[in-house]
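A.B. asks: Starting off with a structure, shown below.
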Amino acid sequence: MRRALTAVLGTGALLLAMLVAVALPASAAPGTLKESAAAKGRVFGAAAATAHMGESAYAATLDREFNQLTPENEMKWATTEPSRNSFDFGPADQLVSHAQAQSMKIRGHTLVWHNQLPDWVSGISSRDDLLSAMRNHIAKEAGHYAGKVAYWDVVNEAFQDGSGARRDSVFQRVIGDSYMEEAFRAARAADPSAKLCYNDYNIDGQNAKSNAVYNMVKDFKARGVPIDCVGLQAHLTLGAVPSDMQTNMQRFADLGVDVHITELDIRMSTPPDSSKLATQANDYKKVVSACLAVSRCTVITVWGVTDKYSWIPDVFPGEGAALLFDGNYAKKPAYDAALQALGGEDPGDPGDPGDPGAVTCTYARTAQWNGGFNGQVTIKAGATAVASWTVVMTMGSGQQIVALWNGTASTSGNVVTVKPVGWNGSLAPGASASYGFTVNAPTGNTADPVISCGTP
Ligand code: XIL
């Protein structure tokens with residue numbers, strides 16, 4: 001009897017397994033940022049603003065690609081408590097409901113910050129008074145969202161660039177160093193389930209400012225002040241991802257906190273062109289790869305859905321195009337790079353390496369001497385023939401390509417785009433072509449180029 005039952009159950013399970021196997025294509029890589037991030041145990045978020053939620057392409061892109069939402073301005077003090085003890089959670093509630101309906105996590109941003117702070121707070125001059133205003137603000141706002149917010153940026157931008165000294169805010173001046181731990185304690189009391197983060201910019205690599213944050217986290221951990229995560233804003237400029245970003249994230253992780261990339265954008269001088277976009281793609285790839293290499297780097301959030309509404313052009317005149325989607329919601333090369341770095345693959349993009357009909361490329365150094373080297377890139381077709389290929393090489397600073405053979409190169413800044421010479425463009429399935437080049441490196445920087453390739 002028992003045996004028969006097991007046999008029946010066994011058959012059922014087998015049938016179920018066969019059905020599942022039929023329903024899921026065996027090798028499909030995840031096709032969106034949030035799916036590919038989830039497959040790596042990560043969260044991929046975006047900042048969003050109520051003002052744009054009515055635009056269907058905006059909401060559709062947000063919902064399709066991201067599984068964490070940071071209100072861009074709606075949770076800041078000036079909006080939520082414009083006059084003392086009078087709260088307005090309306091705009092933020094709208095975003096929170098949207099996020100909940102889409103099963104997105106919510107990042108609370110931000111409880112204590114010197115900007116977008118109402119005048120009544122800046123005008124307080126007694127320590128007890130400001131401390132009680134700050135505690136009340138945190139109790140009410142984090143209390144209002146208790147259980148709904150996954151992560152809170154409790155304190156934002158409290159350190160100065162360069163020196164790493166405390167920033168001269170009203171909180172620092174009137175309350176003193178202890179305002180930060182007071183803020184974290186108040187946040188924990190108001191919402192015990194949220195992860196509490198310290199968030200800042202220019203702490204993406206190791207420098208005096210990130211050292212100061214490191215020492216603060218270490219001190220908090222030693223004294224039992226509640227802190228769960230550090231947010232690296234990562235407002236970066238083109239071609240300047242700190243080379244020690246991974247090391248920096250790892251040292252924070254080693255203190256026992258999670259690391260989040262909270263406001264990622266990589267700005268360029270406008271208008272964008274293909275070589276700037278290629279460099280940007282490489283930059284995004286570096287940031288995502290650095291995060292994936294650190295097991296406690298669990299969240300990546302970009303500071304906006306589309307270049308159309310990015311804060312960059314307002315604050316850095318002449319710069320922009322910093323995000324993953326352009327002003328028409330088209331995926332930029334940076335999108336493909338981020339997706340690929342996450343192990344995902346865009347089903348609608350036949351130019352991706354790994355796609356049928358696409359190419360892969362490898363680089364090898366073939367010679368070197370004092371002040372230069374020779375390199376060779378080999379492009380290989382996948383399972384289908386290709387008619388042509390393109391390789392984008394980002395050269396190290398101070399390097400110059402002085403000769404290139406079996407390819408045609410166009411150069412813009414440190415980005416070199418290489419196409420076939422004609423006879424070596426079309427490749428049979430599995431076939432390959434190569435080109436070579438000579439690099440002069442008078443400054444002694446003999447770093448290998450970073451390459452990516454696709455079709456055409
Ligand atoms: C920016 C918003 O994107 C803008 O809309 C607003 O005008 C100013 O603030 N660091 C932060 C964010 O922590 O809150 C800032 O957001 C960008 C820099």
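Each value in this text was obtained by applying a stated rule to the coordinates, not by laboratory testing. Since the model is a prediction, treat every value here as computed from it, not as a measurement. Neighbour counts are summed over all protein chains in view; Cβ atoms, including those assigned to glycine, are modelled from backbone coordinates with ideal geometry.
A.B. asks: I need the phi-derived Karplus couplings for the stretch 68-74: 6.51 cos²θ - 1.76 cosθ + 1.60, θ = phi - 60°, integer Hz, Gly and Pro marked x.
C.D. replies: Rounded to whole hertz, the list is 8, 10, 10, x, 5, 9, 5.
A.B. asks: Counting other C-beta atoms within 10 Å, which of SER310, SER243, SER426 has the fewest, and how do the rest follow?
C.D. replies: Least to most surrounded, the residues fall as SER243, SER426, SER310.
A.B. asks: Determine which residues of the stretch 257-277 fall in the zone a paramagnetic label at LYS419 would reach in this model, i.e. backbone nitrogen under 16 Å from the point 7 Å along Cα→Cβ.
C.D. replies: Correct set: 274-275.
A.B. asks: Separate question: When the Kirkwood radius is taken over all Cα pairs of the stretch 49-100, what Stokes-Einstein diffusion coefficient follows at 10 °C and 1.306 mPa s, in µm²/s?
C.D. replies: Reported coefficient: 135 µm²/s.
A.B. asks: Looking at the chain, which Cys residues are left with no other cysteine's beta carbon under 4.7 Å from theirs?
C.D. replies: Result for the chain is empty; each Cys has a Cβ neighbour under 4.7 Å.
A.B. asks: While we're on this one: What's the angle, to the nearest 10 degrees (0 to 90), between helix 127-144's Cα axis and the longest principal axis of the chain?
C.D. replies: The helix 127-144 is inclined about 60 degrees to the chain.
A.B. asks: Within the P(r) computed for the stretch 156-306, what percentage of the Cα pairs occupies the region above 27 Å? Walk me through the intermediate numbers first.
C.D. replies: On the way: 2828 of 11325 pairs.
Counting pairs separated by more than 27 Å, the tail of P(r) holds 25 percent.
A.B. asks: On a 0 to 90° scale, report how tilted helix 90-101 is relative to the longest principal axis of the chain, with both axes built from alpha carbons and the result rounded to the nearest 10.
C.D. replies: Long axis of 90-101 versus the principal axis of the chain: about 50 degrees.
A.B. asks: Still on this model: When only alpha-carbon atoms are used, what values of Rg and Dmax, in angstrom, describe the chain?
C.D. replies: Using the Cα atoms of the chain, the pair Rg, Dmax is 25.2, 83 Å.
A.B. asks: Using a 7 Å offset from the Cα along the Cα-to-Cβ direction at both SER412 and VAL315, what is the distance between the two label points in nm, to one decimal?
C.D. replies: 2.6 nm
A.B. asks: Rank these for me by crowding, ILE227, ILE203, ILE175, going from fewest to most other beta carbons within 10 Å.
C.D. replies: On the way: ILE227 25, ILE203 28, ILE175 21.
Sorted ascending by nearby Cβ count, the order is ILE175, ILE227, ILE203.
A.B. asks: Could you calculate the contour length gain from ASP448 to GLN100, that is, 0.36 nm times the residue separation minus the distance between their Cα atoms, to one decimal place in nm?
C.D. replies: 120.7 nm
A.B. asks: Can you sort TYR198, TYR179 so the residue with the fewest Cβ neighbours within 10 Å comes first?
C.D. replies: Least to most surrounded, the residues fall as TYR179, TYR198.
A.B. asks: Compute the label zone of ASN440 within the stretch 375-396: residues whose backbone N is under 18 Å from the point 7 Å along Cα-to-Cβ.
C.D. replies: 375, 395-396
A.B. asks: Here is a further query. When the Karplus curve 6.51 cos²θ - 1.76 cosθ + 1.60 is applied with θ = phi - 60°, which whole-Hz ³J(HN,Hα) does each residue of the stretch 320-332 get, with x for Gly and Pro?
C.D. replies: x, 6, 8, 10, 8, 10, 7, x, 9, 6, 7, 5, 8
A.B. asks: Next up: Give me the distance in nm between label points sitting 7 Å out from Cα along the Cα-to-Cβ direction at ASP254 and SER163, one decimal.
C.D. replies: It works out to 2.9 nm between the two label points.
A.B. asks: Mind listing the long-range amide H neighbours of LEU264? Cut-off is under 5 Å, sequence gap 5 or more, other chains count too, H placed in the peptide plane at 1.01 Å from N.
C.D. replies: THR301, VAL302, TRP303
A.B. asks: Can you compute 3J(HN,Hα) from phi for each residue in the stretch 161-170, using the Karplus curve 6.51 cos²θ - 1.76 cosθ + 1.60 with θ = phi - 60°, rounded to whole Hz and x for Gly and Pro?
C.D. replies: With the stated coefficients, the stretch 161-170 comes to 5, x, 6, x, 6, 5, 5, 7, 9, 4 Hz.
A.B. asks: Sticking with this one: Fully extended, how many nm does the chain gain between ALA59 and TRP120 (0.36 nm per residue separation, minus their Cα-Cα distance)? Kindly include the intermediate steps, with their values, before the conclusion.
C.D. replies: On the way: separation 61, 0.36 × 61 = 21.96 nm, distance 3.48 nm.
Full extension from ALA59 to TRP120 adds 18.5 nm.
A.B. asks: For THR446, enumerate residues with amide H under 5 Å from its amide H, sequence gap 5+ or separate chain, H modeled in the peptide plane.
C.D. replies: none
A.B. asks: In nm, to one decimal, how far is the modelled label at ASN73 from the one at GLN368, with both set 7 Å along Cα→Cβ?
C.D. replies: In this crude spin-label approximation the distance works out to 5.0 nm.
A.B. asks: By how many degrees, between 0 and 90 and to the nearest 10, does the Cα long axis of helix 208-223 differ from the longest principal axis of the chain?
C.D. replies: Once rounded, the angle reads 60 degrees.
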